[in-house]
Amino acid sequence: MESSQAFFDQLNSDYLQVHKTKEDLFWATYMATSEDHAGFARAEQAYKQFIADPARLRATREHLALAEAAAPGAQRDALVHGLKGWLAVFDANILESAEAAALLDELIAAEAALFAKRQALVLQHVNEQGQREDATLGGLATNLAMNPVESHRRSSFDAFAELERWVLANGYLDLVKLRNRFARAQGYADYFDFKLRKTERMTPAALFAILDDFIARTAGANERALAEVKATHGEAALQPWNLRFFTNGDVVRRMDPFLPFGKGLQRWVQSFRRLGIQYRGATMQLDLLERKGKYQNGFCHGPVPSFVDARGQWVPGQINFTAEAKPDQVGSGLRAIATLFHEGGHAAHFANVTQNAPCFSQEFAPTSAAYAETQSMFCDSLLNDADWLKRYALDAQGQAMPDDLIHERIASTQPMMAFNERSIALVSYFEAAVYAMDEAELTAENLLALARRCEKQVLGMHSPRPLLAIPHLLNQESACSYHGYLLAHMAVYQTRAYFLQRFGYLTDNPQIGPLLAQHYWAPGNSIDHDATLVSLTGEGFSARHLAAECNLLVNEAWAQAQATMQAAAQRSYPAEHPQQLDALIRVVHGAELLADSSAGEEAMCERFETWVGQRYATPAAPSAVQ
């Protein structure tokens with residue numbers, strides 16, 4: 001068994017090196033601090049070759065058989081467990097033919113070239129001051145929701161439409177064809193089928209049975225919401241550049257003083273501490289502000305996955321996550337704290353995997369996207385809770401968000417909940433249809449027509465965020481994986497229901513972090529998503545909790561919120577909770593260090609808030625609605 005242990009230890013060591021090299025270059029190129037796209041492509045290729053190496057798969061099988069034949073004992077059992085983890089990685093990523101390996105190399109090169117071109121693309125819109133300016137995807141989305149002038153909102157939507165046409169003219173069609181050839185070279189129907197089976201271990205039929213059921217359950221709520229918008233604001237409110245403004249723009253603007261961008265870091269730190277969340281000594285790097293050339297979507301990746309090494313020593317995670325906030329834009333504070341909670345939830349998950357190999361604590365297959373997103377989305381779901389808003393959403397004078405504003409938020413968001421969740425399902429319906437098309441049908445005109453058709457069928461209108469402007473479609477890791485967000489939301493509301501039944505509250509409950517760490521995070525991908533849910537809640541995967549939440553009427557949701565706030569006002573919150581997150585945190589802006597936790601998390605938050613205040617003006621007051 002010694003040779004098998006040595007093989008296993010070397011496998012862990014080799015993986016750490018190739019993974020960290022790839023992730024460091026990923027961060028540098030995506031954060032626009034390096035233009036070494038070729039170097040990143042080589043590192044990505046080396047990583048893919050490592051996890052798809054048939055020789056390693058054969059050797060792992062051989063050593064696993066030897067280990068399983070050895071006398072039972074703690075060392076033998078740990079070795080078997082670790083080798084099974086590696087077997088799952090190789091099985092999920094192995095390439096079945098030389099043709100597939102060559103196609104993967106071609107795919108990586110094509111995606112790197114497309115990403116480099118996308119970084120150079122500048123989109124523009126008209127902001128609230130009436131100025132035409134360069135805009136990130138987040139900036140476009142915020143302007144759509146917040147700008148009181150319709151023509152200015154329309155400029156953001158037009159920029160999304162411009163991006164759709166750019167994507168179709170600059171390589172997406174070729175990527176689809178290449179991905180399909182790659183999948184079919186391994187015996188799969190198409191790339192969507194390949195990704196779903198490899199990542200979620202589901203068939204397309206099983207996925208769409210769940211999605212179809214959810215769409216059916218929420219059809220009435222979606223139709224009711226759009227009818228109410230039309231009745232209240234007129235037919236024009238259902239134009240895609242108007243919907244977000246008429247359903248939440250004014251409420252978000254009124255919330256802005258209670259959720260300033262500069263306070264976001266502090267409120268994330270405090271809230272996670274009081275939930276009992278710990279990062280087990282991880283080093284974390286946060287890049288939170290928009291910047292030219294920077295990737296325009298939040299993400300969390302871990303260059304060093306957490307695990308227990310061969311000597312029984314804890315290897316803490318090294319984790320990077322990013323947002324692309326524009327602090328002087330109305331709504332930026334809400335978007336920023338949502339990203340902090342979401343990506344911070346991912347980081348908490350990957351910092352707490354306690355298995356004996358790094359393969360269990362990484363975000364790629366066989367780690368289920370739905371499982372990974374459950375962790376982040378549970379955390380960001382707290383921001384919608386009335387008791388969280390009452391405790392944390394304070395203005396500059398320390399006054400809590402008033403009840404009437406919380407009610408207005410519920411009145412604006414609850415009717416649209418079904419629409420928003422269906423918007424996630426929409427991406428999967430679209431991508432499945434794209435990859436099922438014959439190559440001869442793959443034209444820009446056909447894909448644009450398909451996108452608009454899917455939007456009308458699922459949403460009842462054209463989407464405020466056009467399908468082909470979604471960045472996930474361009475990257476092979478995130479392409480054909482968007483359903484993970486909806487499956488995760490289903491698991492989130494199942495988890496919330498369990499905690500509420502058991503404890504009666506979520507915000508600042510210090511029992512939640514340890515329970516998540518024990519049941520959801522510690523196993524990593526050594527068990528499947530359903531098994532984690534059973535471990536904590538005692539119930540297998542169920543969509544009924546999310547559907548029930550989507551179907552609540554405003555008065556029902558408000559009654560629940562009132563009960564939550566009343567209970568919180570009478571509650572004596574536990575004084576015993578961690579005083580630190582147990583992490584070394586660096587907040588950066590590209591190559592510039594803005595603040596870190598070396599002198600304490602409070603000092604870090606103060607330095608960050610000061611830097612933001614000195615650099616950015618307070619968001620401007622609104623002009624007249626048009």
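The values are calculated or read from the model by the stated rules, or taken from the named source; none is laboratory data. As the structure is a prediction and not an experimental result, all values here were calculated from the model. Glycine also receives a Cβ, built like all others from the backbone with ideal geometry; neighbour counts cover every protein chain displayed. Note: accessible area is taken over every heavy atom of the protein model, side chains too, but ligands, DNA and RNA are not part of it. Shrake-Rupley method; radii C 1.70, N 1.55, O 1.52, S 1.80 Å.
Okay, here's what the table says:
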{"quantity": "Assigned charges on the beta-carbon of Lys, Arg, Asp, Glu; region 1-142 dipole about Cα centre (debye)", "calculated": "100"}
{"quantity": "Dipole axis of region 269-325 (+1 Lys, Arg; -1 Asp, Glu on Cβ), positive-most option in Ala325, Thr283, Val269", "calculated": "Val269"}
{"quantity": "Accessible surface of region 386-445 [probe 1.4 Å, protein heavy atoms]: carbon and sulfur percent", "calculated": "51"}
{"quantity": "Dipole of region 371-479 [Lys/Arg +1, Asp/Glu -1 at C-beta], most positive-end residue of Met416, Ser381, His472", "calculated": "Met416"}
{"quantity": "Rounded accessible area per residue of region 367-498, 1.4 Å, Å²", "calculated": "29"}
{"quantity": "Cα centroid separation, region 74-144 to region 246-301 (Å)", "calculated": "22"}
{"quantity": "Derived scalar couplings ³J(HN,Hα) [region 3-20; Karplus, 6.51 cos²θ - 1.76 cosθ + 1.60; whole Hz; x for Gly, Pro]", "calculated": "5, 5, 5, 5, 4, 4, 5, 5, 4, 4, 5, 5, 5, 4, 5, 6, 5, 5"}
{"quantity": "Cβ-placed point charges (K, R +1; D, E -1), dipole of the chain about Cα centre in debye, nearest 20", "calculated": "420"}
{"quantity": "Percent of C-alpha pairs per 10 Å bin, region 83-151, short to long", "calculated": "16, 24, 18, 17, 16, 7"}
{"quantity": "Amide H within-cut-off set for Met284, under 5 Å, with H built and near neighbours excluded", "calculated": "Ile319, Leu584, Ile585, Arg586"}
{"quantity": "With every protein chain in place, region 275-362: carbon and sulfur % of accessible area (1.4 Å)", "calculated": "46"}
{"quantity": "Spacing of the two label points (7 Å from each Cα toward its C-beta) at Lys292 and Lys456, in nm", "calculated": "4.1"}
{"quantity": "Whole-percent carbon and sulfur share, accessible surface of region 63-142, 1.4 Å", "calculated": "56"}
{"quantity": "Heavy-atom accessible area per residue - region 65-171, 1.4 Å, Å²", "calculated": "40"}
{"quantity": "Where labels lie 7 Å past Cα in the beta-carbon direction, separation of Ala449 and Arg165 in nm", "calculated": "1.8"}
{"quantity": "Region 378-383 - phi-based ³J(HN,Hα) in whole Hz, Karplus 6.51/-1.76/1.60, Gly and Pro as x", "calculated": "4, 5, 6, 5, 4, 5"}
{"quantity": "Heavy atoms of Lys20 accessible to a 1.4 Å probe, total area in Å² rounded to 10", "calculated": "70"}
{"quantity": "For the chain, with +1 on Lys and Arg beta carbons and -1 on Asp and Glu, the positive-most of Gly524, His125, Thr507 along the dipole", "calculated": "Thr507"}
{"quantity": "Descending Cα extents along the principal axes, the chain, whole Å", "calculated": "73, 64, 47"}
{"quantity": "Solvent exposure of region 570-617 as accessible area per residue, Å², 1.4 Å probe", "calculated": "57"}
{"quantity": "For region 334-391 and region 35-65, distance of Cα centres in Å", "calculated": "27"}
{"quantity": "Interchain or long-range residues, amide H under 5 Å from His589's placed H", "calculated": "Leu594"}
{"quantity": "Exposure rank, largest accessible area first [Lys195, Lys292, Lys230, Lys177; 1.4 Å]", "calculated": "Lys292, Lys230, Lys177, Lys195"}
{"quantity": "Amide H within-cut-off set for Ala323, under 5 Å, with H built and near neighbours excluded", "calculated": "Asp287, Leu288, Leu289"}
